[in-house]
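Participant: The following block contains the structure, expressed as structure tokens.
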Amino acid sequence: MTHQIAVIPGDGIGQEVTPAAVDVLNALDVEFEFVEGEAGDAVKEETGEALPQETRDLAAESDATLFGAAGETAADVILPLREVVGSFANVRPAVSYPGLDAVQPDTDLVFVRENTEGVYSGIESEIADGVTTLTRVITEEASRDIAEFGFDYAEENGYDDVTIAHKANVMRTTDGEFLDAAEAVAEERGADYDTALMDALAMHLIMHPEDYGVIICPNLAGDVLSDLAAGLVGGLGLLPSANVGPDNALFEPVHGSAPDIAGEGVANPSAMILSAAMLLDHLGYDDEGDRVRDAVEAVLDEGPRTPDLGGDASTEDVTQAVLDRL
Ligand code: ATP
Ligand code: MG
């Protein structure tokens, strides 16, 4: 069976790291057909649209999408793309690797972030000159869905600790709903869990990440806490993510287009290659996903390394080393 994969490199280092992931997928014994689509600043400049209809259609009809990054137009690209694939769950693992000098070497966390509502619902207005508002939407349905997903993920991937992050002591109605719904799911399943106030959690994650496994969070908290965890394990160049819906999914590195290093050929391709490994898991190729993760881990351990990890290798050198391992 051939799987059609939409490949959307986008802007900046997205153009450099996306081909690395495609090369890795091509090196495996799985039939893929890659179809490339345009999105981001460059195509907006040309056509006036950051996410052309053609690209939306491509993502909708493909079995999965690999997305690199978009620059200024990031919100105009990734938010609608997540909608096109119907994704309600953003999965962001943050794992420290033995050979790397991480701030916290015993980190093995997975953020399961609600991906459709919260303060990212985009309902903002300027109600008077210099006075702005934002409506935060939290529904029981979306909160239950993300909790179910998080507990399933923990079970399937062998995580014992599940934490529900919230700030229900202040946002009593909205985060109260999130917390109630998520706890109800846990009770129904008879699952063990903890709850944590997201601000205190930020501190505990820095000091004792080893106490946590899967962390189920509302949208904004998941975004911020997962970047924090990126810092614990060695930087944005290492963190993959998945946006998962009932019938489709999109895989992208947590990092953006990194304009400061774009065009130099030194971006770390690990986050993007690890995103491709998540794509493999999603399509049911768990062994191949593990092989790719093992190859990346070996290269992170022994080098070559890109400058963000203290080395002087190029994106291509690292990609080639991963391919050699495979
Ligand atoms: P965007 O506006 O597209 O989100 P940004 O300025 O927020 O871009 P990020 O791409 O999120 O930038 O990167 C933040 C920092 O991390 C930058 O200094 C960037 O160079 C570095 N960085 C991000 N990804 C990588 C990578 N894959 N390899 C090396 N460095 C990276
Ligand atoms: Mg950014």
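The values are calculated or read from the model by the stated rules, or taken from the named source; none is laboratory data. Please read these numbers as outputs of a predicted model, since none were measured by experiment. Glycine also receives a Cβ, built like all others from the backbone with ideal geometry; neighbour counts cover every protein chain displayed. All accessible areas refer to the heavy atoms of the entire protein, side chains included, with ligands and DNA or RNA removed. Shrake-Rupley method; radii C 1.70, N 1.55, O 1.52, S 1.80 Å.
Participant: Please find, among Ala221, Ala258, the residue that is more than 12 Å from ligand 1 (Cβ to nearest atom) and over 14 Å from Leu274 (Cβ atoms). Full working, then the answer.
Facilitator: On the way: Ala258 fails: more than 12 Å from ligand 1 (Cβ to nearest atom).
Answer to the selection: Ala221.
Participant: Identify, from the list Tyr212, Tyr193, the residue that is out of contact with any Cys (no Cβ under 8 Å at 6 or more places or on another chain), among the aromatic types (Phe, Trp, Tyr) and under 20 Å from Tyr97 (Cα atoms). Reasoning before the result, please.
Facilitator: Values: Tyr193 fails: under 20 Å from Tyr97 (Cα atoms).
After applying the criteria, what remains is Tyr212.
Participant: Looking at the range 134-144, is at least one residue part of a helix (DSSP H, G or I) and open to solvent by less than 40 Å² (accessible area, probe 1.4 Å)? Even if it seems obvious, please write down each step before you answer.
Facilitator: We begin by selecting, within the range 134-144, every residue part of a helix (DSSP H, G or I); these are 140-144.
If we keep only those that are open to solvent by less than 40 Å² (accessible area, probe 1.4 Å) too, we end up with 142-143.
There is at least one residue in the range 134-144 that is part of a helix (DSSP H, G or I) and open to solvent by less than 40 Å² (accessible area, probe 1.4 Å).
Participant: So Gly150 passes all but one of these: (1) assigned to a helix (DSSP H, G or I); (2) surrounded by fewer than 22 Cβ atoms within 10 Å (Cβ to Cβ). Which condition number does it fail?
Facilitator: Result: Gly150 fails condition (2) only.
Participant: Something else now. Considering the range 152-173 alone, what residues qualify as being farther than 13 Å from Pro218 by Cα and touching a residue at least 60 places away in the same chain (Cβ under 8 Å)?
Facilitator: At the first step, the residues of the range 152-173 found to be farther than 13 Å from Pro218 by Cα are 152-162, 169-170, 172-173.
The answer is Tyr153, Ala154.
Participant: Does Asp301 satisfy the condition of being surrounded by fewer than 16 Cβ atoms within 10 Å (Cβ to Cβ), within 17 Å of Leu28 (Cα to Cα) and not hydrophobic (A, V, I, L, M, F, W, C)? It would help to see each step written out before you state the result.
Facilitator: Values: surrounded by fewer than 16 Cβ atoms within 10 Å (Cβ to Cβ): yes; within 17 Å of Leu28 (Cα to Cα): no; not hydrophobic (A, V, I, L, M, F, W, C): yes.
Spelling it out, it is not the case that Asp301 is surrounded by fewer than 16 Cβ atoms within 10 Å (Cβ to Cβ), within 17 Å of Leu28 (Cα to Cα) and not hydrophobic (A, V, I, L, M, F, W, C).
Participant: What helices (runs of 4 or more DSSP H) completely inside the range 11-85 contain at least 2 residues that are buried (at least 21 other Cβ atoms within 10 Å of the Cβ) and within 16 Å of ligand 2 (Cβ to nearest atom)? Write out each step before concluding.
Facilitator: Working: elements: 14-26, 41-47, 53-61, 74-84.
Because the criterion is at least 2 residues that are buried (at least 21 other Cβ atoms within 10 Å of the Cβ) and within 16 Å of ligand 2 (Cβ to nearest atom), the helices (runs of 4 or more DSSP H) in the range 11-85 that meet it are 14-26, 74-84.
Participant: Every residue in the range 96-133 that is open to solvent by 50 Å² or more (accessible area, probe 1.4 Å) and closer than 30 Å to Thr306 by Cβ, please.
Facilitator: Of everything in the range 96-133, those that are open to solvent by 50 Å² or more (accessible area, probe 1.4 Å) and closer than 30 Å to Thr306 by Cβ turn out to be Pro98, Asp101, Val103, Pro105, Asp106, Asp108.
Participant: Could you count how many residues in the range 245-255 are within 10 Å of ligand 1 (Cβ to nearest atom) and part of a loop (DSSP other than H, G, I, E, B)? Break it down into steps so the answer makes sense when it comes.
Facilitator: Pass one, the range 245-255, residues within 10 Å of ligand 1 (Cβ to nearest atom): 253-255.
Subset that is part of a loop (DSSP other than H, G, I, E, B): 254-255.
Total satisfying the criteria: 2.
Participant: Six or more apart or on different chains, Cβ atoms under 6 Å: show the pairs whose first residue is in the range 11-24 and among the charged types (D, E, K, R) and whose second is assigned to a helix (DSSP H, G or I) and within 15 Å of ligand 2 (Cβ to nearest atom).
Facilitator: Between residues of the range 11-24 that are among the charged types (D, E, K, R) and residues that are assigned to a helix (DSSP H, G or I) and within 15 Å of ligand 2 (Cβ to nearest atom), the close pairs are Asp11/Asp41.
Here's the yes/no breakdown for (1) of a type outside the set (A, V, I, L, M); (2) at pLDDT 95 or above; (3) within 16 Å of ligand 1 (Cβ to nearest atom); (4) more than 15 Å from Ala271 (Cβ to Cβ):
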position	(1), (2), (3), (4)
Ile5	no, yes, no, yes
Ile13	no, yes, yes, no
Glu16	yes, yes, yes, no
Gly37	yes, yes, no, yes
Asp63	yes, yes, no, yes
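Participant: Going by the conditions given, is Ala182 out of contact with any Gly (no Cβ under 6 Å at 6 or more places or on another chain), among the small types (Gly, Ala, Ser) and open to solvent by less than 10 Å² (accessible area, probe 1.4 Å)?
Facilitator: Yes: the conditions hold for Ala182.
Participant: Please determine, by comparing only the residues of the range 234-289 that are within 16 Å of ligand 2 (Cβ to nearest atom) and either among the hydroxyl-bearing types (Ser, Thr, Tyr) or at positive phi (or both), which one is surrounded by the fewest Cβ atoms within 10 Å (Cβ to Cβ).
Facilitator: Gly235
Participant: Right, next: Only one of (1) closer than 21 Å to Val119 by Cβ; (2) without any contact (Cβ under 8 Å) to a residue 40 or more places away in the chain; (3) away from ligand 2 (no atom under 16 Å from the Cβ) is not met by Pro218, so which one is it?
Facilitator: Against the list (1) closer than 21 Å to Val119 by Cβ; (2) without any contact (Cβ under 8 Å) to a residue 40 or more places away in the chain; (3) away from ligand 2 (no atom under 16 Å from the Cβ), Pro218 comes up short only on (2).
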